[in-house]
Structure formats: structure tokens, C-alpha cells
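Asker: Below are the C-alpha cells for one structure; questions will follow.
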Amino acid sequence: MNTASTAPQTQHRTQVCIVGAGPSGLLLGQLLHKAGVDAIIVERQSPEYVLGRIRAGVLEQVTMDLLDEAGVGQRMHAEGLVHTGFDMLFKGERHRIDLHSMTGGKQVMVYGQTEVTRDLMDARQATGLPTVYEASDVAIHDFDTASPKVTYTKDGHAHTISCDFIAGCDGFHGVCRASVPKQSITEFEKVYPFGWLGLLSDTPPVHHELIYANSPRGFALCSQRSHTRSRYYLQVPLTDKVEQWSDDAFWAELRLRLDPQAAQTLVTGASIEKSIAPLRSFVTEPMRFGSLFLAGDAAHIVPPTGAKGLNLAASDVKYLCSAFTEFYKDHSRTGVDHYSERCLRRVWRASRFSWWFTSLMHRFPDNGEIGQKLQEAELDYLIHSEAGSRSVAENYVGLPLNFGE
Ligand code: APR
Ligand code: PHB
């Protein structure tokens, strides 16, 4: 029996229905609120679950500006760490890329995505605007028309939201992209033959800036969340299971991939979290299907080398908010019609950088000894060439939103 069609339905109406309350959905909700556009957010998980996900934590200026615009930048400015450079380690030696001098004074902010999400959640709660958590059976309908709908079940009760637009902010495994007919969408994908084993610990960071290490044993990254909390990563084979890695084994392997000074300075301690993530480059074209707009991880995934994921999500959301605001305030469809094209240009550039940086820093099983030698030669070139260093730096701090226009 089809209970969905016979059960009583609660009807809701809004301008924009946002599917997913990750950073993309929450930031869009906040920006639309500031712009006077109505939105309801529907999320499959609980707030605690959403906050439990640990992801990269390097914010570009464009993202910082957007968080300020959304009115949620206060804690980021107070607690985030401004970094004006980072180290690249190869052949046992570290070399600094000076972001500040290479980019005319630009910098990045080290502030965890969990904290960004928490700030956005708190701001949403303060507005009292509707966010439906733990919604099941979320489905989208009629997005090839101007009257799309989102349906879901909450506490056994069926709901329908009628809206003008659906924002698909429901991540890589969400329902929105999956609902688009196969003939209307092209997906580009590359899966890398390794993963990242991440460890979070309440220990002081080994260095005041990040260290990206190319080692014959595989890539390593020394990152941080604060002066007392560190985040480290090791490249591991895809076949490794996190249970195989004791904390001691992690620290021992990390030491072997660092330079002697960092290996000696490294402060170890019990892990708070440890997990393995696969690495993937993935782009969906287009990003708009009638009244459905994909944003963030729902539309693209970058490998984490260079931490572009959240920053790309933020620029999608900026374009999407402008598109909806222009539609309601100026009665113009220009932003809506150009959304996909504007996003994809930036998405492909960041995907290119993330793929390149991943290729440069990791050990590829099929590339052998010559692969390692060629990477070391490229790194040697990059750090000694002003043009090379500048190119790394300008991509790392993030290309301007209007780059090339
Ligand atoms: N219905 C409702 N919500 C859903 C559904 C569904 N069917 N499927 C997934 N979701 C929710 C997820 O539970 C999650 O909270 O959508 C949200 C998507 O959040 P993210 O995966 O964090 O994606 P996004 O908000 O685009 O954030 C991009 O995350 O992976 C990083 O590097 C990436 O930093 C970037 C950021
Ligand atoms: C992180 O801190 O989790 C991090 C930082 C930089 C990266 C990737 C991840 O490039």
C-alpha cells in the first residue's frame, strides 16, 4: 500500500527550499535571510551528527568575507589563526612559501569547518527560522517546472514544501543530484589510488604554520585547529583500515615522513579522532536543472590537498544567493541563468589546483622511483622560481571571484 499518498500531508510554502544543513545549506540560509528571501532548510541528520564530521580548515579571503557578510565571522576573527605562509617539505628539507609577499598581502585563516558549521547553526537558531533536522525520505519533485516541491517525513508525519527554487546542498551522497535524469547530467570523476588517515589530538602543533610533506614513504600533512589542538594526516593505501593504525604507529610513521627538526619537535598524545578518507576529484555539469540548483559537495568534490572544498562551496553559495536576490529584488533572471557557468569556471580552476597539488605531493604506486625524482625536481623548481612560487601562492590563497572576467 502506498501510505505516502493516503496519509495526511502538512503543506508549507517558501521561496527557496534548501536540502542539506552542512556548511553550504546553512551559509545560503543565512545569506538569504540577510537579503530578505525566505528559506526552509531540510536536513536528514541531527545537528550533533552534522557537527561530528571533521574536515579541512583553511579559509580563503573570499570565504572569510562571506562569513562576515552572513554575520557569523566574529568567533572566526577571535579564535582563528591567520597564516601568511606554509612549508613544503621534500628531500628532508622544508621550504616556506610566503603567501603574503607572493600575493600582495593575502593570507588564509586556519579555522576548522566544524567551528564554521557551529557558528552558522547558532546564527540560524538565533533567527528562529525553520530548519527541519532528522527528516527522512526527503524527495524533490517537479524541478523542471516553476513550482517545484520537496517532500519528507518527520516523526511519522508527511510534509510537502512548495517553493520557487530548490537549493541542492545535500553533499556528495545527497538526493538532489541523484534525482536528475541521467541524460541531463555529465559527471567527471577521478578516484586516487590512496586515502588520507587523519588524526586529531590535543597537542601543540609541531610548527606554527602548515607543513605539506612529500616523502618517499608517502605524503604527510601537519595542520592544526588551535595552539593546543593539532590535525595530522598520512597518505595510506586504500586497503588500510583505521583499526590497523594504533596512535603509536601513526606517530612513528609521521616522524619518518618529516624532517629531522620537526620529527624531534613533534609532541604526541592520545587521538581524539582518527579516520580514513578516500581522495576524489568529481565535477557535475551543469549545476542547474530548471528550478534545481546544486551547490557545494552535491556538485563537486576536490581532493583535500590545498583545502579547497569548503571554499568552493562558499563561492557557489555566494553566486546562488546573488542569483536569488536579483530574481526577487530586481525581477532579473540573469543570475539564475548564469549560475552554472559562473560556478563551473571557478570549480574547474580549483579542481585543477587540487588535482595538481595532490599529484605533486603523493606517492603514486604506478609511478615508481622516477615519479618521486620528477616530483622532487618540480618542487625544487617551484621553490626557487619566483613565477613558480607565485603560482602556488595565488592558487593557495584562492583566486578572486572575478578572476579572468
Ligand atoms: N536529505 C536531506 N539532507 C541530506 C540528504 C537528504 N537526502 N542527503 C544528505 N543530506 C545532508 C547531509 O546529512 C549533510 O548534513 O546534506 C548535508 C551536506 O553537507 P556536506 O556533505 O558537508 O556538504 P556541503 O554543505 O556542500 O559542504 C561542503 O564539506 O566535504 C566538505 O570539503 C567539503 O568543505 C566542503 C564542505
Ligand atoms: C586540515 O586542517 O584538515 C587541512 C588543512 C589543509 C589541507 C587539508 C586539510 O590542505
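Asker: Which members of the range 24-63 meet the condition of being under 26 Å from ILE272 (Cβ atoms), within 16 Å of ligand 2 (Cβ to nearest atom) and either modelled with pLDDT of 95 or more or open to solvent by less than 10 Å² (accessible area, probe 1.4 Å) (or both)?
Answerer: Hits for the range 24-63 are GLY57, VAL58, LEU59, THR63.
Asker: Can you tell me which residue is surrounded by the most Cβ atoms within 10 Å (Cβ to Cβ) among those in the range 209-220 that are in a loop (DSSP other than H, G, I, E, B) and not polar (S, T, N, Q)?
Answerer: Residue satisfying both the conditions and the ranking: LEU210.
Asker: Within the group LEU256, LEU266, LEU310, which residue is at pLDDT 95 or above and open to solvent by less than 20 Å² (accessible area, probe 1.4 Å)? Reasoning before the result, please.
Answerer: Details: LEU256 fails: open to solvent by less than 20 Å² (accessible area, probe 1.4 Å); LEU310 fails: open to solvent by less than 20 Å² (accessible area, probe 1.4 Å).
Answer to the selection: LEU266.
Asker: Still on this structure, I have one more. Of all strands (runs of 3 or more DSSP E) completely enclosed by the range 125-208, which ones contain at least 1 residues that are surrounded by 15 or more Cβ atoms within 10 Å (Cβ to Cβ) and among the aromatic types (Phe, Trp, Tyr)?
Answerer: In the range 125-208, the matching strands (runs of 3 or more DSSP E) lie at 149-154, 165-168, 186-201.
Asker: Considering only the range 299-307, I want to know if a residue exists there that is more than 15 Å from ligand 1 (Cβ to nearest atom) and in contact (Cβ under 8 Å) with a residue 40 or more places away in the chain.
Answerer: Checking the range 299-307: not a single residue is more than 15 Å from ligand 1 (Cβ to nearest atom) and in contact (Cβ under 8 Å) with a residue 40 or more places away in the chain.
Asker: Looking at the structure I just gave you, is GLY104 away from ligand 2 (no atom under 16 Å from the Cβ) and either in a helix (DSSP H, G or I) or open to solvent by less than 60 Å² (accessible area, probe 1.4 Å) (or both)?
Answerer: In short, no.
Asker: Against the definition (more than 16 Å from ligand 2 (Cβ to nearest atom), surrounded by fewer than 18 Cβ atoms within 10 Å (Cβ to Cβ) and under 20 Å from the mean Cα position of the chain (by Cα)), how does PRO286 come out, yes or no?
Answerer: For PRO286, the condition - more than 16 Å from ligand 2 (Cβ to nearest atom), surrounded by fewer than 18 Cβ atoms within 10 Å (Cβ to Cβ) and under 20 Å from the mean Cα position of the chain (by Cα) - is met.
Asker: Another question, if that's okay. ASP297 versus (1) surrounded by fewer than 17 Cβ atoms within 10 Å (Cβ to Cβ); (2) modelled with pLDDT of 95 or more: which is the lone unmet condition?
Answerer: The number of the failed condition is (1).
Asker: Here's something else I'd like to know. Being open to solvent by less than 10 Å² (accessible area, probe 1.4 Å) and among the small types (Gly, Ala, Ser): is that true of GLY85 here?
Answerer: yes
Asker: Where in the range 1-89 are there helices (runs of 4 or more DSSP H), lying fully within it, with 1 or more residues that are within 24 Å of LYS318 (Cβ to Cβ) and either in contact with a helix residue (DSSP H, G or I) (Cβ under 7 Å, 6 or more places away or on another chain) or without any contact (Cβ under 8 Å) to a residue 40 or more places away in the chain (or both)?
Answerer: 23-34, 47-51, 61-69, 74-79
The values are calculated or read from the model by the stated rules, or taken from the named source; none is laboratory data. The model shown is predicted, which means the values in this text are computed figures rather than measured ones. Heads up, the Cβs are rebuilt from the backbone with ideal geometry, glycines too, and the neighbour counts pull from every protein chain shown. Surface accessibility is based on the protein's heavy atoms, side chains included, excluding ligands, DNA and RNA. Shrake-Rupley method; radii C 1.70, N 1.55, O 1.52, S 1.80 Å.
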